[in-house]
1. Could you give me the residue pairs with C-beta distances under 9 Å whose first residue belongs to the range 204-231 and is farther than 15 Å from residue 186 by Cα, whose second residue is of a type in the set (Lys, Arg) wherever it lies, and which are 6+ apart or on separate chains?
2. I need the full set of residues from the range 183-210 which are surrounded by 15 or more Cβ atoms within 10 Å (Cβ to Cβ) and either basic (Lys, Arg) or over 26 Å from residue 240 (Cβ atoms) (or both), in order please.
3. Quick check: anything in the range 129-138 more than 22 Å from residue 102 (Cβ to Cβ) and at pLDDT 95 or above?
4. Of (1) outside any loop (DSSP other than H, G, I, E, B); (2) modelled with pLDDT of 95 or more; (3) within 14 Å of the ligand (Cβ to nearest atom), residue 46 satisfies all except one. Which?
5. Going through the range 49-63 one residue at a time, which ones are more than 8 Å from the ligand (Cβ to nearest atom) and not hydroxyl-bearing (Ser, Thr, Tyr)?
6. Within the range 101-130, which residues are touching a residue at least 60 places away in the same chain (Cβ under 8 Å) and of a type in the set (S, T, N, Q)?
7. Identify all residues within the range 216-249 that are open to solvent by 50 Å² or more (accessible area, probe 1.4 Å) and of a type in the set (S, T, N, Q); write none if there are none.
8. Please go through the range 139-155 and pick out each residue that is within 13 Å of the ligand (Cβ to nearest atom) and either more than 20 Å from residue 182 (Cβ to Cβ) or of a type outside the set (D, E, K, R) (or both).
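The values are calculated or read from the model by the stated rules, or taken from the named source; none is laboratory data. Quantities reported herein were computed from a predicted structural model and do not represent experimental measurements. Cβ atoms come from the backbone with ideal geometry, glycine included; neighbour counts cover every protein chain shown. We work out accessible area using only protein heavy atoms, side chains counted, and drop any ligands, DNA or RNA first. Shrake-Rupley method; radii C 1.70, N 1.55, O 1.52, S 1.80 Å.
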Amino acid sequence: MPEAEGARTLPASPADSLRIAGLVPMSTVDWPDHLTATVFTQGCPWNCFYCHNRDLIPTRTPGAVAWQEVRDLLARRRGLLDGVVLTGGEALRQDCLADAAREVKDMGFQVGLHTAGMYPRRLRDLVGAGLVDWVGLDVKALPEHYTQVVGRPNAAAKVWDSLEALLASGTDLEVRTTVVPGDVTADDAVEVARRVHEAGARVYALQQARSRGTSGTFPAAAPGWDAQCERMAAAIEALGWERFTYRPA
Ligand code: SF4
């Protein structure tokens, strides 16, 4: 019965097409003040030298977790979890992310999104449709250094467009910058924060790059690095935020 067999292999909903690399059933760290399940999507078009999820970069790698597992988890955790964080890789790379977010909302959970800001149109659509409650947006460097950090051209304009879209939408937002010793990320961080603040963002985090999960080809620590980061953090905090967080490695 080839027709019936074919029908059974079709995804039940567009969200079932989401390529998921991993699912953390309970997390306290992916969305400040929220208890979440966290979905790691597969694939990212960028190649940041400090990426700590390098296994999630390849875009052709098939998913390892079915969306149905997320559904089943949420059905069991009603009343226990605040929401679901969609992260990656780059979660917005996959068109069906909106369907997944809608399912999460329909099940009564909030949706958080981590993005590097490379898909401003998709981001606008998602927040415009009310499918995202909170976004963690990476702003990695000053525009003139973006290619050097992400390994791809024409990145900075997309990120700043994403920032504008989020600020215009009023979506809860944390902007984050990750710093690496002896690198433009560290040189730029205070000025990046100043521009982000000037644009209107009010929640910001400075993060030290970690070595775990990376290519191992850059130094994640150096003599005096912690003290340098603490000075950066103090200078950024002094810009005046509703909330500022410093995250050491
Ligand atoms: S944007 Fe994020 S997932 Fe993609 S390469 Fe950079 S750090 Fe890794």
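1. Listed by first residue and then by second, the contacts come to 204/176; 204/243; 213/54; 214/54; 215/54.
2. Selection gives 183, 195, 202, 210.
3. Yes: one or more hits.
4. Tallying (1) outside any loop (DSSP other than H, G, I, E, B); (2) modelled with pLDDT of 95 or more; (3) within 14 Å of the ligand (Cβ to nearest atom), residue 46 fails exactly one: (1).
5. Correct list: 49, 55, 58, 60, 62, 63.
6. 110
7. If the condition is that a residue be open to solvent by 50 Å² or more (accessible area, probe 1.4 Å) and of a type in the set (S, T, N, Q), then 217, 228 are the ones that fit.
8. 139, 141, 146, 147, 148, 149, 150, 151, 152, 155
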